[in-house]
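**Q** If you scroll down you'll find the structure; I have some questions about it.
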Amino acid sequence: MSFKSPLTLQELAENSLLRNKTVAISNLDNMPSVFFPSLFKKACIKKKSSIVKAMVQAWPFPCLPLGAMIKRNDSYRRILEIILFGLDSMLCQKVPHRRCRLQVLDLRIMPWNMWDLWSVFKAPDCCENQAALGLSEMEVKPQVKVVIDLVLKERPLKSLEYFIIAWVAWRQRLCLCCNKLEVWSMATCYHKDVLETLDLNSVQELRLYYMNDLTCLLNFSPYLGRMRYLRSLLFSCFWLLAYITPVEKQLFITHFASQFLKLKHLQCLHLHHVFFPEDHLEELFW
């Protein structure tokens, strides 16, 4: 015979709050910050939408790591909508909740147990980019950054990814950040609206695959030049078609090389089956 361990005082208090949303919301002002993650997780699981929305508006940490808490399924979509509506209401407030410290909604997929580590509630590196660029406080508007990792291919985004990007695109004080970005083949043309929505300064790791069309490469190169905090760049399976003329190839190399000059923070460059820089390595990488 097995016995359940008795509930702790914290668990009893949380269960009581979840049964009475009015009491729960009214107590957010005085609730110790250490209780927020556990109560928020339970409120999400039990679909207590009013409590979830209120807790987002009073979130006492720089980061809300939602991607480390809920699996990608229909319930995740519902909770995400509630949280985004809470963000929307928060950003519209002239006087935000006195406890709110939220800077980042982190939607990157992480292990479930990450939610139990206090470090996950700190804002990721992408939040420092604007300050590092030397922008004054007057130029940097207070924003909430929505952080995701993206893979762009020649097909529509998943409905959840499209929903997130569209939501952010229509709101001035939400900023879409992407630490890891993959771009395949002709996806540059297919997902131009996504690239225009992204804060390209947030991209730290970029992987480019099978982008062998000259027009596609030329269209993408300006986006590459805007990734000023890029640390790692991978080219895989690149070769220019044989029918382009030497003049066209030289124009492309010159144009592409001009973007490399802007990557001041690049630390790692990986070239796998890349043939277009033959005889132009010095021009590209000097």
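The values are calculated or read from the model by the stated rules, or taken from the named source; none is laboratory data. Remember, predicted model here, so these are calculated numbers, not experimental data. Counting neighbours? That spans all protein chains shown, and the Cβs are built from the backbone with ideal geometry, glycine included.
**Q** Which of the residues spanning the range 200-215 are surrounded by 20 or more Cβ atoms within 10 Å (Cβ to Cβ) and within 20 Å of residue 228 (Cα to Cα)? Show your work before the answer.
**A** Residues of the range 200-215 surrounded by 20 or more Cβ atoms within 10 Å (Cβ to Cβ): 200, 202-204, 206, 208, 211.
Answer for the range 200-215, where residues must be surrounded by 20 or more Cβ atoms within 10 Å (Cβ to Cβ) and within 20 Å of residue 228 (Cα to Cα): 200, 202, 203, 204, 206, 208.
**Q** Taking the range 43-76 only, how many residues are more than 19 Å from residue 91 (Cβ to Cβ), modelled with pLDDT under 90 and assigned to a helix (DSSP H, G or I)?
**A** Number of matching residues: 7.
**Q** Are any residues in the range 86-107 among the aliphatic types (A, V, I, L, M), in a loop (DSSP other than H, G, I, E, B) and out of contact with any strand residue (DSSP E or B) (no Cβ under 7 Å at 6 or more places or on another chain), and if so, which ones?
**A** 95
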